[in-house]
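Have a look at the structure below before the remarks.
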Amino acid sequence: MPAARRNDVRRLDALVRATVPALTPHVHEGMLGYGAYRYRYKSGREGEGARVAIGAGARHVTLHVAALAGPEETLVEQFAGRLGAHARTGRTTVQFSKLAEVELEPLRELLKGAAELPPPGLVEP
């Protein structure tokens, strides 16, 4: 992984920890995860997930956010147009080449929402 990407991951890790300190850091499927939870989907599939996770590849950093904004909409989908022109979003992911190209204030709001809203399939402890 290029040094610039490594630095972005470190900065993003610090941002997540400062913004949502209640989400306990851990390693989740080879990524930095925050806020472990147990899920069970309608299909019967179940397992452990992370409310927020950071993955990095050679070309991009991906922020995974498991939070539902409504019955059919994820929180990332609500923030899609607010994170900057270079931030690409999916249903639960935000992908970017450089953290400097992401709007940080909406990103902080997204992270706070991830700590407050339920993730898909949440099984209450």
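When residue 58 is tested against (1) within 18 Å of residue 97 (Cβ to Cβ); (2) touching a Pro at 6+ places or on another chain (Cβ under 9 Å); (3) among the aliphatic types (A, V, I, L, M); (4) surrounded by 20 or more Cβ atoms within 10 Å (Cβ to Cβ), only condition (4) is not met.
Please state which one of 53, 87, 22, 66 is more than 25 Å from residue 100 (Cβ to Cβ) and crowded, with 18+ Cβ neighbours inside 10 Å. Going through 53, 87, 22, 66 in turn, the sole match is 66. Every condition in (1) touching a strand residue (DSSP E or B) at 6+ places or on another chain (Cβ under 6 Å); (2) within 17 Å of residue 117 (Cβ to Cβ); (3) modelled with pLDDT of 95 or more; (4) not acidic (Asp, Glu) is met by residue 20 except one, and the failing one is (1).
From the list 46, 116, the one residue that fits, being within 17 Å of residue 16 (Cβ to Cβ) and surrounded by fewer than 13 Cβ atoms within 10 Å (Cβ to Cβ), is 116. Of the strands (runs of 3 or more DSSP E) contained entirely in the stretch 1-91, those carrying at least 1 residues that are hydroxyl-bearing (Ser, Thr, Tyr) and within 14 Å of the chain's Cα centre (by Cα) fall at 31-40, 61-65.
The values are calculated or read from the model by the stated rules, or taken from the named source; none is laboratory data. These numbers come from a predicted model, not from an experiment. Note that each Cβ is placed from the backbone with ideal geometry, even for glycine, and that neighbours are counted across all protein chains shown.
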